[in-house]
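Working notes, structure below.
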Amino acid sequence: MVRVDAEGELFTAPSWLIYVWSVLVILTGLEAVNELFGIGGPSVLYEVWFHDLVIAAAAVLILARAAYEPSTRKAWLAFGLGMAVWSIGSVAWSIVYGGRSHAPYPTFADVLWLLWYPFTMAGIAYLIRFRVRGFELHRWLDGIAVILVVLAAGFALVVQPAADHTSQSLLATIVSFAYPVLDVILIGSVLGVYGLLGWKPDGMWILIGVGIVTMSIGDAEFAVKTAQGVAEGRHDDFVWTVGALLIAGAAWIQRPSHAGDGDRVTGMRAIALALIAQALAIGIQIYAVFVEIPTSERVVTVVVLLVASAQIILSRPRASQPEPALPLEVPPKGPR
């Protein structure tokens, strides 16, 4: 099939790719059915073989995408390397600890899994540089505001509850909390990109966002259960498989044949996010009057208020801007 990249250059995607996607979707579905309902035979086939195979295939697909499109090669190379180290960690963990009923935690595989975050952040950064070429202050403030909002909510809903019930060693606690904290930052970054795009993300960015959120759900549940000492016997590894497949799908989705900065955001839509951020921050501060909350939560909400106020007061774009007057052309004087 022939597609057009963001600079209008043609490249050909292999026709057999549709069959690869079909097989991977079927394997992911079988893993989900087995883990949720126990249908399909020995769980090791689905939780180890199918799981590791799909994530490894997702890494290969993303790296292959980097070879097909020169304009965003660095971005997909970063995404692909991140998925590759995740895959290596999964395969290595399965080989070393797959047959044990009680595996140690943390392990060497956690180092590889945590490397997924900086590689993914680098991929997002490269895509931002390519997709958003102009600088508009209100959009960047939108991005900062939404990152802070996600941080505030993430710490309140995931990190703090896990911390209140942890019974792990110091190293295990740090590793367990590293996953949801980095997930929160990653989700906030993707939502910040949506703000930079005028809240009109294309299919590629939507799949990236959904994939990251899906993998973050698995990390958050794992962090809370591990902190409570009930992580053994989990049957939801398919969540990470689905997330990896979504990000791989984002690499191959057809995007608009332009790489502009998006439509100009004006009027109420330009400050809607800032108003929501302010409302959330004020609500948290009011809640803190009656219930004790961590100092970090207070600091984040204060910063949210400051950033949102700056967005509203200083950088609200106006719908009607007077266009500069064109200089009048004076005809040259000819001979009388």
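The values are calculated or read from the model by the stated rules, or taken from the named source; none is laboratory data. These figures come from a predicted structure and were not determined experimentally. Please note: Cβ atoms are built from the backbone with ideal geometry, for glycine as well, and neighbour counts cover all protein chains shown.
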Consider residue 32 carefully, then state whether it is of a type in the set (A, V, I, L, M, F, W, C), in contact (Cβ under 8 Å) with a residue 24 or more places away in the chain and more than 21 Å from residue 81 (Cβ to Cβ). yes
Some residue of segment 167-175 being surrounded by fewer than 22 Cβ atoms within 10 Å (Cβ to Cβ), modelled with pLDDT under 65 and under 30 Å from residue 106 (Cβ atoms): yes
Please determine whether any residue of segment 106-121 is in a helix (DSSP H, G or I) and farther than 27 Å from residue 48 by Cβ. yes
Spot the failing condition for residue 141; the list is (1) modelled with pLDDT of 90 or more; (2) surrounded by 21 or more Cβ atoms within 10 Å (Cβ to Cβ), and only one is missed. (1)
